[in-house]
Amino acid sequence: MLPLVTLEGVYYLESENPNMNPIAVRPQIHAPDYVGWEDTSHGRVVRFSKILVDGHEIRPNEKLPEKIEVVDTNGITYVLVKLTTKIFNEKLKKIVAGGESLNFNNDKELQDFYLKTDFYSLG
């Protein structure tokens, strides 16, 4: 299943499912109705019935969206918000592995860290 769109960004994931990793890396939209992403432990694929990009029910373009809302076929909502240093420091720093030792000077530094780290071979 090849992606139609890959978003080269990192997102904070809010979900009703407490077992979800709160970091979503490189979300991908697949034909006809799947969205997936990497995280720091393994990837996810969700079959969706509805997807909103920056509040509109459209496919994303080249611009990295600030917010992606996915409703899966079971009615569970996943909200991916572009990860910023503010969100990281407020919501993730104390709960992600190694988070307490991570300090980012700006959003680009944070995004680059998660985009360039191979978390799968660190284990």
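The values are calculated or read from the model by the stated rules, or taken from the named source; none is laboratory data. Everything numeric in this text was worked out from a predicted model, so none of it was measured. No Cβ is skipped: glycine too gets one built from the backbone with ideal geometry, and neighbour counts run over all protein chains shown. For the accessible areas, the whole protein counts, side chains as well, though only heavy atoms, and no ligand, DNA or RNA atoms are used. Shrake-Rupley method; radii C 1.70, N 1.55, O 1.52, S 1.80 Å.
When the residues of segment 24-52 are narrowed to those that are open to solvent by less than 30 Å² (accessible area, probe 1.4 Å) and closer than 28 Å to residue 93 by Cβ, which ends up nearest to the chain's Cα centre (by Cα)?
Looking at residues that are open to solvent by less than 30 Å² (accessible area, probe 1.4 Å) and closer than 28 Å to residue 93 by Cβ, I get 24.
For segment 66-120, what are the residues that are under 23 Å from residue 45 (Cβ atoms), aromatic (Phe, Trp, Tyr) and open to solvent by less than 80 Å² (accessible area, probe 1.4 Å)?
78, 114, 119
Considering only segment 3-23, I want to know if a residue exists there that is open to solvent by 40 Å² or more (accessible area, probe 1.4 Å), modelled with pLDDT of 85 or more and part of a helix (DSSP H, G or I).
Within segment 3-23, none of the residues are open to solvent by 40 Å² or more (accessible area, probe 1.4 Å), modelled with pLDDT of 85 or more and part of a helix (DSSP H, G or I).
Rundown of residues vs (1) at pLDDT 95 or above; (2) among the small types (Gly, Ala, Ser); (3) assigned to a loop (DSSP other than H, G, I, E, B), yes/no style:
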residue	(1), (2), (3)
32	no, no, yes
46	no, no, no
51	no, no, no
62	no, no, yes
69	no, no, no
78	no, no, no
86	yes, no, no
96	no, no, yes
110	yes, no, no
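Looking at segment 16-29, I want the residues that are more than 16 Å from residue 79 (Cβ to Cβ) and have a partner that is open to solvent by 50 Å² or more (accessible area, probe 1.4 Å) and part of a loop (DSSP other than H, G, I, E, B) with Cβ atoms under 7 Å, at least 6 apart or on another chain. Which pairs are those?
26/8
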